[in-house]
Each structure stands twice: as C-alpha cells, then as structure tokens.
C-alpha cells in the first residue's frame with residue numbers, strides 16, 4: 001500500500017499554469033509511452049495535485065480516444081492515484097474487483113479500469129507533486145512485482161525530470177522578476193567609452209555602453225543573457241538603445257556618438273523609431289548579433305532606412321565569410337574589429353593579414369576601421385600601420401560616466 005506520510009504542494013491561491021517546457025517535454029512523454037507499451041497497457045498519464053482538493057491531468061499517452069486530456073480536473077477523492085497515495089489502494093492492481101475502494105470509484109466502471117498502476121511523483125524537496133499512472137480496460141493477472149519495479153523506474157525518471165524543469169521554470173521567473181524590477185527602477189546606466197584617432201591620439205567620439213546593478217557580480221552580457229532566457233531580451237536591448245540616445249546631448253559638437261543595435265531591433269524598426277523620436281547630430285548605429293538574422297535582405301534594407309538619421313557600423317566578430325559578405329552588402333561607414341585581433345596584431349602575422357584584408361575591403365567604399373580592445377602602444381602602432389583609422393580600449397580611456405567622457409573629449413583632465 002502507499003505511504004500515509006506525504007506533503008502536497010502548497011498554493012497561496014490557485015496553482016500556477018503548467019510551465020510550457022514541462023507541458024511539452026519530450027522526455028516525459030517518452031517515459032509515459034515506454035511504460036505503457038512495456039506493460040501492454042492502453043492509457044498512461046501524469047496528474048498533479050492542485051488547490052481545492054483537485055487533481056489536474058498534465059500529460060497523457062493513450063491508444064484510446066479519451067474524453068479527458070491535459071488540463072482536465074477532478075476531485076482527488078475520485079481518483080485511484082489519491083487512494084494509492086493515502087494507502088487505501090496498492091500501487092499495482094491486476095484486477096479492481098477485490099478492492100471496495102476501487103469499486104466505489106466512478107472511473108472503474110465508466111472506463112472501465114481493469115489493471116492499474118500508480119506511483120507518487122516525489123520531488124527533491126519532499127513534496128508529492130503528483131502521480132505517474134497507467135491502466136488498461138481489462139484485468140491482467142500476469143502482472144508481477146517485477147512489472148511494478150519497472151513502472152516505478154519510469155516514474156522515478158519522470159519525477160527527476162519534472163523536478164529539473166520546475167527548478168528551471170522557477171529560475172526563469174526569478175530572472176524575469178529581477179529584470180522587470182530593474183525596468184521599474186530605471187537601473188540601466190549608460191557609460192561612454194572614448195574612441196580615438198590612431199594617427200594623432202585625439203578623441204573622435206564615444207561608444208555608449210549599458211551598465212547594470214551589481215556590476216562586479218553580473219556582467220552586462222549576463223544581464224542580457226538572463227533577459228533573453230526570461231523572454232525580455234529585445235525589451236532590454238531597446239531599453240539600452242533608448243538610454244544611449246538620451247545621453248547624446250552630453251557629447252560635445254564635433255564628436256560622434258555610437259550605440260550598439262542588435263539586428264532584430266534594427267529589422268523590427270524599433271531602432272529607427274527611437275532615433276527619429278530624438279534626433280541627434282552625429283550618430284553611429286553599430287550592428288550586432290546579426291549572424292542569426294534569417295532575412296539578410298530585410299536587414300540590409302532596415303539599415304538603409306536608418307542612414308538618414310545615423311551612420312552605420314558593423315561589429316565584426318572575427319573575420320568570418322558571413323561578416324565580410326554582410327559588410328560588402330551594407331557598405332558601412334565603419335567596421336569594428338573585435339579585441340581578439342587587437343590582442344595579437346603586434347606579434348602574429350596571421351592577425352595582421354586578417355586586419356589588412358578587412359581594411360582593403362572597407363577602403364573600396366571609403367569606409368573606416370575601428371579596432372577595439374587596444375591596451376598597449378604596440379597594438380595601436382601595428383593597427384595604424386595596417387591602415388586602421390580608429391582605436392578603442394584601455395590605452396585611450398576606460399568606459400566612464402557621460403560627464404567625464406565629455407570632459408575627456410574636450411581635453412579636460414580630471
């Protein structure tokens with residue numbers, strides 16, 4: 001018989017909707033089907049215990065056309081699974097006829113139920129989340145304790161998987177709440193990092209960079225990644241874009257201000273709308289995260305639509321063929337080389353060859369190249385010798401508050 005000692009999930013009000021990943025998980029569906037087919041049964045299902053003494057079906061695998069499915073609820077006292085959990089019925093029933101409790105259940109005669117298995121799904125915190133069940137319409141006296149052990153193994157795997165998915169869903173919800181709290185608290189701060197001309201080491205503009213709370217514990221990349229996992233990625237990206245635009249007024253006349261714009265925000269028209277809402281003098285939109293863009297033509301057209309409001313740059317991660325091909329299509333005003341090339345350009349002939357190739361390509365439409373991640377004079381000198389126009393990195397200046405950046409551009413030393 002079942003274990004009389006158990007803890008059910010607690011709900012302040014109603015049980016939350018079943019997480020989509022859990023509802024559609026192929027592993028759980030596979031456990032149900034395998035258990036059903038191995039034991040020669042017709043129906044297998046998972047149900048969870050919810051509020052008001054109810055059981056809700058969450059997953060079904062059946063060869064029969066059933067009048068119930070995921071989301072169907074009934075009072076727990078009307079289910080075999082509840083009476084197994086309370087110890088009134090055994091986990092394996094080869095024939096319900098000898099059990100008065102089973103005979104009193106409506107489903108026994110309505111389905112009818114011949115053989116039945118039910119194993120509680122216990123989570124790592126000790127709660128009984130629900131039950132892993134299977135049944136047939138005919139009794140089966142050939143079922144043995146070995147069959148029950150196999151069924152229990154499938155149930156244990158399902159419980160472990162459910163535990164994992166519930167933890168992941170809880171983490172996503174916590175992440176979503178953290179991101180939404182940040183939105184409400186207006187906690188995205190924009191720093192400016194100066195960009196210098198390599199020829200004379202004079203500042204030419206700034207790049208706007210988003211900074212978030214707990215900067216020492218959570219990098220900007222972590223914040224954006226968390227927002228993406230919580231379904232708020234594009235919203236956070238546009239928050240950073242709009243935040244950058246709001247700081248353009250602090251950039252002195254004669255210097256450009258660059259912002260990062262993920263491809264999907266460009267294609268959607270959100271970046272263009274934000275720029276048109278707050279026009280500025282010399283803006284550079286730096287395209288990022290374009291590798292996953294499926295419609296490259298739409299991306300090129302969206303960038304062209306931005307040109308009346310801003311110059312265009314492409315953040316070239318490495319020197320892949322796809323990056324070079326997009327640069328040739330867009331013909332951006334600037335191409336930005338990532339810091340991996342800057343790190344080795346002074347000593348690695350291959351890195352210098354790659355930089356030269358990008359410079360040669362960009363020169364065909366009179367564009368300019370910006371090298372990121374320059375930290376040493378030797379790197380700056382090597383880049384200049386190869387035809388790179390601008391440098392960005394700690395050698396020139398770290399990211400700083402916009403007032404300090406404006407003073408830097410004006411030549412005021414703090």
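Only the coordinates and a few stated rules stand behind these numbers; no lab work does. Quantities reported herein were computed from a predicted structural model and do not represent experimental measurements. Cβ sites come from the backbone with ideal geometry, for glycine too, and all protein chains shown count toward neighbours.
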**Message:** Please compute the modelled spin-label separation between residue 172 and residue 153, points set 7 Å along Cα→Cβ, answer in nm with one decimal.
**Reply:** 3.1 nm
**Fill in**
Taking the chain and counting helices only, DSSP H stretches of n ≥ 4 at -39,500 (n - 2.57) each over all residues, the nearest-500 ellipticity at 222 nm comes to -12000 deg cm²/dmol
**Request:** Calculate how many DSSP beta bridges within the chain are antiparallel, expressed in % of all such bridges and rounded to the nearest 5.
**Result:** 60 percent
**Message:** Give me the one-decimal nm value for the distance between modelled label points at residue 138 and residue 309, 7 Å along each residue's Cα-to-Cβ direction.
**Reply:** 7.1 nm
**Fill in**
Here the relative contact order (percent) of the chain, from C-alpha pairs under 8 Å and at least 6 apart, is 12 percent
**Item:** Whole-angstrom gap from the stretch 135-163 to the stretch 63-121, using each part's C-alpha centre
**Value:** 14 Å
**Complete:** Per GNM of the chain with C-alpha springs under 10 angstrom, the most fluctuating residue out of 299, 105, 337 is 105
**Message:** How many angstrom lie between the Cα centre of the stretch 241-275 and the Cα centre of the stretch 348-414?
**Reply:** 21 Å
**Request:** Would you mind putting 204-213, 94-103, 303-312 in packing order, based on average other-beta-carbon counts within 10 Å, highest first?
**Result:** 204-213, 303-312, 94-103
**Fill in**
Using alpha-carbon positions, the gyration tensor of the chain gives root eigenvalues a ≥ b ≥ c; with a/c under 1.5 called rounded, otherwise prolate if a/b exceeds b/c, else oblate, the class is prolate
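Specify whether the C-alpha gyration tensor of the stretch 262-414 places it in the rounded, prolate or oblate class, a ≥ b ≥ c being the square roots of the eigenvalues: rounded for a/c under 1.5, otherwise prolate if a/b is larger than b/c and oblate if not. Don't jump to the answer; show the numbers that get you there.
Working: a/c = 2.12, a/b = 1.16, b/c = 1.82.
Oblate, since a/c reaches 1.5 and b/c is not below a/b.
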**Asked** Angle, helix 321-330 long axis vs. longest principal axis of the chain, Cα atoms, 0 to 90°, nearest 10?
**Response** 60 degrees
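Can you give the FRET efficiency to the nearest 0.05 for residue 68 and residue 325, using r as the Cβ-Cβ distance and R₀ = 35 Å?
Values: r = 54 Å, r/R0 = 1.54.
Calculated value: 0.05.
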**Prompt:** How would you classify the stretch 330-414 from its alpha-carbon gyration tensor, with a ≥ b ≥ c the square roots of the eigenvalues: rounded for a/c under 1.5, else prolate if a/b is greater than b/c, otherwise oblate?
**Reply:** oblate
**Prompt:** Between the stretch 29-58 and the stretch 283-342, what's the alpha-carbon centroid distance in Å?
**Reply:** 51 Å
**Request:** Calculate the spin-label point distance for residue 340 paired with residue 218, positioning each point 7 Å from the Cα along the beta-carbon direction, and give it in nanometres.
**Result:** 2.8 nm
